[in-house]
1. Name the residues in segment 28-55 that are hydrophobic (A, V, I, L, M, F, W, C), touching a residue at least 12 places away in the same chain (Cβ under 8 Å) and crowded, with 16+ Cβ neighbours inside 10 Å, would you?
2. Specify the residue that is farthest from Y81 (Cα to Cα); the eligible residues are those in segment 7-19 that are of a type in the set (A, V, I, L, M, F, W, C) and surrounded by 14 or more Cβ atoms within 10 Å (Cβ to Cβ).
3. For I27, only one of the following conditions fails: (1) modelled with pLDDT under 90; (2) not in a helix (DSSP H, G or I). What is its number?
4. For W3, only one of the following conditions fails: (1) closer than 30 Å to W92 by Cα; (2) in contact with a Pro (Cβ under 8 Å, 6 or more places away or on another chain). What is its number?
5. Filter segment 8-18 down to the residues that are touching a residue at least 12 places away in the same chain (Cβ under 8 Å) and either part of a helix (DSSP H, G or I) or not basic (K, R) (or both) and list them by number.
6. Name the residue that is farthest from A8 (Cα to Cα), counting only residues in segment 44-63 that are modelled with pLDDT of 85 or more and assigned to a loop (DSSP other than H, G, I, E, B).
7. It is to be established whether one or more residues within segment 75-85 are polar (S, T, N, Q), loosely packed, with under 13 Cβ neighbours inside 10 Å and modelled with pLDDT of 90 or more.
Amino acid sequence: MPWYENAARILRAKGVSNAAIGRRLNITGQAVQMKLAGKRPTTITEAKVFAELAGIPVAEMLGEDAYLIEVRDEIELVELYRLLTPKQRTEWLAYGRFLAAQSHDGS
């Protein structure tokens with residue numbers, strides 16, 4: 001089970017509403033729902049709040065499969081990537097690999 005599904009299950013069992021979580025994070029309850037469904041990236045700060053409200057340590061909530069995004073540029077990359085067609089994704093990843101190889105070569 002992905003970490004966000006486990007977190008959502010625990011929060012529901014404890015009676016913590018998405019609206020209450022949203023108030024803590026200054027986001028809407030719908031935005032919380034999207035994060036707890038794995039449809040939107042979750043920051044480290046948000047994960048800490050989820051864990052606190054669930055009454056469990058962050059490490060326990062996340063398990064080993066978690067991937068959190070904290071840097072705004074990375075969030076934008078993920079959001080843009082999701083808008084691409086499969087062909088565009090392949091091309092973008094190839095170009096990204098090309099750029100990364102150049103930066104390692106000192107070019």
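The values are calculated or read from the model by the stated rules, or taken from the named source; none is laboratory data. Remember, it's a predicted structure, so these values are computed and weren't measured experimentally. Using ideal geometry, Cβ is built from the backbone for each residue, glycine included, and neighbour counts are taken over all protein chains shown.
1. Hits for segment 28-55 are V32, L36, A47, V49, F50, A51, L53, A54.
2. V16
3. Of the numbered conditions (1) modelled with pLDDT under 90; (2) not in a helix (DSSP H, G or I), the odd one out for I27 is (1).
4. (2)
5. A8, I10, L11, V16, S17, N18
6. Across segment 44-63, the extreme among qualifying residues is P57.
7. yes
Rundown of residues vs (1) modelled with pLDDT of 85 or more; (2) small (G, A, S); (3) not in a helix (DSSP H, G or I), yes/no style:
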site: D65; (1), (2), (3): no, no, yes
site: D73; (1), (2), (3): no, no, no
site: E91; (1), (2), (3): yes, no, no
site: R97; (1), (2), (3): yes, no, no
